[in-house]
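Below is one structure, written out as structure tokens, with a few remarks after it.
What follows is calculated from the coordinates using simple rules that are stated; it is not laboratory data. Predicted model only: the values in this text are computed from it and were never measured. Reconstructed Cβ throughout: ideal geometry from the backbone, glycine too, with neighbour counts over all protein chains shown.
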Amino acid sequence: MKFFIDTANLEDIRKAYKIGVLSGVTTNPSLVAKEGIKFEDRIAEICQVVPEVESVSAEVTPDAVTADEMIAQAEELIKINGGDEKVTIKLPMTLAGLESCRYLAKKGVKTNVTLIFTVNQALLAARAGATYVSPFLGRLDDISEDGVQLVEKISKLFRIHNFDTQIIAASVRHPDHVTRVAMAGSHIATIPYSVIEQLSKHPLTDQGIEKFTTDWEKAPKY
Ligand code: G3P
């Protein structure tokens with residue numbers, strides 16, 4: 001399973017990219033709004049900060065409701081950073097989003113259909129030619145449903161029917177989500193930087209480093 005980072009914060013993206021485990025970046029209107037910068041400018045900056053990733057998701061804005069409106073925005077977004085092929089058009093899971101997805105897929109533009117909460121929504125998006133689908137685990141857990149089980153079912157469905165569409169497990173809130181979606185067959189998990197950090201940590205690792213340090217201080221130096 002690959003890791004994408006779920007943020008529009010450049011500093012967090014830089015830190016994660018430096019570690020060398022990043023394959024992509026996802027953003028959404030809420031994440032971009034937090035940064036207080038023009039959306040297109042931030043997407044261009046992100047593309048420059050992560051030259052060697054497969055995808056940077058740029059979501060059409062919520063005021064684009066019809067397919068024509070979404071496609072018009074997408075046509076502008078794909079020009080960002082000189083037509084950077086990483087730019088992936090993130091579309092909401094609506095009928096207009098599906099129509100836009102099919103249109104963009106035919107033109108060879110990468111797409112990410114987001115706000116997926118059922119297997120049937122994922123099936124429709126895959127059939128519309130989506131490069132990625134984004135089921136939101138945490139928000140299902142929030143309403144006492146099992147988000148990981150949804151990923152497991154979509155993964156099974158895509159494999160039975162040989163879809164190329166990749167699953168991006170989104171709304172990932174903690175390390176256990178990461179382990180479970182990896183075991184459930186998700187192709188990608190998109191996670192905040194705080195969760196990347198948490199994944200690297202264990203109290204016994206810290207204790208081990210501390211012990212090696214104190215023991216090494218006592219060792220004879222030649
Ligand atoms: O990638 C989708 C994600 O940003 C939503 O996460 O935590 O707002 O449900 P959350």
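Table for the structure above
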| item | result |
| --- | --- |
| Per-residue ³J(HN,Hα) for the stretch 49-66, Karplus 6.51 cos²θ - 1.76 cosθ + 1.60, θ = phi - 60°, Hz, x for Gly and Pro | 6, 10, x, 10, 10, 7, 7, 10, 7, 10, 8, 4, 7, x, 7, 8, 10, 8 |
| Label-to-label distance, nm, for residues given as ARG127 and ALA33 (7 Å Cα→Cβ offset) | 3.3 |
| Degrees between helix 10-19 axis and first principal axis of the chain (Cα, 0 to 90, nearest 10) | 60 |
| Residues of type lysines that LYS221 reaches as a straight line, Cα spacing below 23 Å, ignoring anything fewer than 8 places off in the same chain | LYS211 |
| Whether the stretch 1-159 is rounded, prolate or oblate, judged on the alpha carbon gyration tensor where a/c under 1.5 counts as rounded | oblate |
| Theoretical gain in end-to-end length, ARG14 to SER200 [0.36 nm per residue, Cα-Cα removed] | 65.3 nm |
| Nearest-ten-degree value, helix 67-77 long axis tilted from longest Cα axis of the chain | 50 |
| Most to least packed among 125-133, 182-190, 45-53 [average Cβ atoms within 10 Å] | 125-133, 182-190, 45-53 |
| Between helix 203-218 and the chain: long-axis angle, C-alpha atoms, 0 to 90°, nearest 10 | 30 |
| Sequence-separation-based contact order of the chain, relative, with Cα cut under 8 Å and 6+ spacing, percent | 17 |
| Karplus-derived HN-Hα couplings along the stretch 80-94 (A = 6.51, B = -1.76, C = 1.60, θ = phi - 60°), whole Hz, x at Gly and Pro | 4, 6, x, x, 4, 6, 5, 4, 10, 7, 8, 10, x, 6, 10 |
| Difference of contour (0.36 nm per residue) and Cα-Cα distance, MET1 to ARG139 | 47.6 nm |
| Inter-part distance where the stretch 163-199 and the stretch 49-112 are each reduced to a Cα centre, Å | 22 |
| Lys, Arg +1 and Asp, Glu -1 on Cβ, resulting dipole of the stretch 99-153 about Cα centre, debye, nearest 20 | 540 |
